[in-house]
1. Output the number of the condition that residue 136 fails; it satisfies all remaining conditions of (1) part of a loop (DSSP other than H, G, I, E, B); (2) over 23 Å from residue 80 (Cα atoms); (3) in contact (Cβ under 8 Å) with a residue 24 or more places away in the chain.
2. Does residue 380 count as in the same structural domain as residue 342 (by TED's automatic domain parsing), surrounded by fewer than 15 Cβ atoms within 10 Å (Cβ to Cβ), in contact (Cβ under 8 Å) with a residue 12 or more places away in the chain and within 32 Å of the chain's Cα centre (by Cα)?
3. Give the residue, chosen from 207, 191, that is touching a strand residue (DSSP E or B) at 6+ places or on another chain (Cβ under 9 Å), surrounded by fewer than 22 Cβ atoms within 10 Å (Cβ to Cβ) and closer than 15 Å to residue 159 by Cβ.
4. As an exercise: evaluate residue 131 against (1) at pLDDT below 95; (2) assigned to a strand (DSSP E or B); (3) over 28 Å from residue 24 (Cα atoms) and give the number of the one condition it does not meet.
5. Can you pull out every residue in the range 450-467 that is assigned to a helix (DSSP H, G or I) and either within 43 Å of the chain's Cα centre (by Cα) or closer than 15 Å to residue 387 by Cβ (or both)?
6. Test residue 203 against the criterion of being more than 30 Å from residue 18 (Cα to Cα) and modelled with pLDDT under 95, and give yes or no.
7. Mind listing just one residue for me: the one in the range 224-245 that is touching a helix residue (DSSP H, G or I) at 6+ places or on another chain (Cβ under 8 Å), in contact (Cβ under 8 Å) with a residue 12 or more places away in the chain and surrounded by fewer than 19 Cβ atoms within 10 Å (Cβ to Cβ) and, of those, nearest to residue 258 (Cα to Cα)?
8. Of all residues in the range 462-475, which are farther than 11 Å from residue 426 by Cβ and modelled with pLDDT under 75?
């Protein structure tokens, strides 16, 4: 960083998964034919009046409760004027002067370190339409126009691209656990505007910032932040007494550069004023208390349970909580499996790796979570060995509905050798072939003992019961 420190703030636009739009009864649905979910309010037909979507308000309040924000019992809507083809009204209905949610915080891990990021405020607003560019012309799809959004504005409290990604990922996880958004970034359910400035380490004042608009990928956001930080540091190195001009940028992924779109607007440019067609939004304390009863176990609460109660590593717990579908799959398996650590490994590593080879999520393989739990239980009970379990897992991939218990019954080779007489003969042969390993173990080299176990397992083609092998080996060596 050459003595510089980035200062980063995020404005996250989160589309709420209500059935209808923010101020109109039209369907709030992605993927329909263009311009089919459009009504008078969405197109700003003269005389059409907006009506506040109650469920959108409820979902916003749930987010406020989850992030420990102050929920304003009286808030207001305002008009933000700007002219663009995807905005037929020439203004957006938002909350500028008195938003619904004030403050809040998000806890998450960044490279294993626990960090807390502060939210400045969160407000409700409606989305614009979508410009679609063709080779010789551009069109506008107004299906998205009027979709309900919450805009989550952080304090400038992040100092690296990893900070920003961890914060944004945590925000998305909270929203998904609350079931207030579909969470698909590729469909525009979450878009991020990143405000970046740099300053000399030790400085406290904020320098002028650049805003990178409409990022819908965590990976691209990291690249964009790194590119912009490098650009600003280079500017101040060349102009030590200079002042960077504020601007709005887009990120050119191919060139890995931020590209200026326009000089930065100010609040005066948007001509904010109170929305004349909507009354104040009044929320009772009883409504807030009722919504608080709907709060599920949130990501960080689940993280603490996984680490402190179930004994998962911080890394594995973090992997699970930031993938709600995977987490629910794991929870389903926990109903019949007590070995949470082993189940996590089989879900995230063994079946996770097999799923990645097919470019699928684990829960999309068609293998029920209870079957993976049964496989783990079979290993823990000594019915099969770990090596057998991996072969059975491969068979489950081929036949997703097949129970591992049925596979074990139908295949004699998956029955561990527990006959001590049979194993005694194998162990005697292994000890005779490897006298040096026996001597090494007696001299305190534990790895030599593991080697001998491995030789026995190889001789039995992985079918020997490992616990019985261990006990018999110890007894044999003690007698030598």
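The values are calculated or read from the model by the stated rules, or taken from the named source; none is laboratory data. As the structure is a computational prediction, the values presented were derived from the model and not from experiment. Every residue, glycine among them, receives a Cβ derived from its backbone with ideal geometry; neighbour counts consider all protein chains shown.
1. (3)
2. So residue 380 fits the description; yes.
3. Criteria check complete, one pass: 207.
4. Result: residue 131 passes all but (3).
5. Going through the range 450-467, the residues assigned to a helix (DSSP H, G or I) turn out to be 450-459, 466-467.
Scanning the range 450-467 gives 450, 451, 453, 454, 455, 456, 457, 458, 459, 466, 467.
6. yes
7. 226
8. 462, 465, 466, 467
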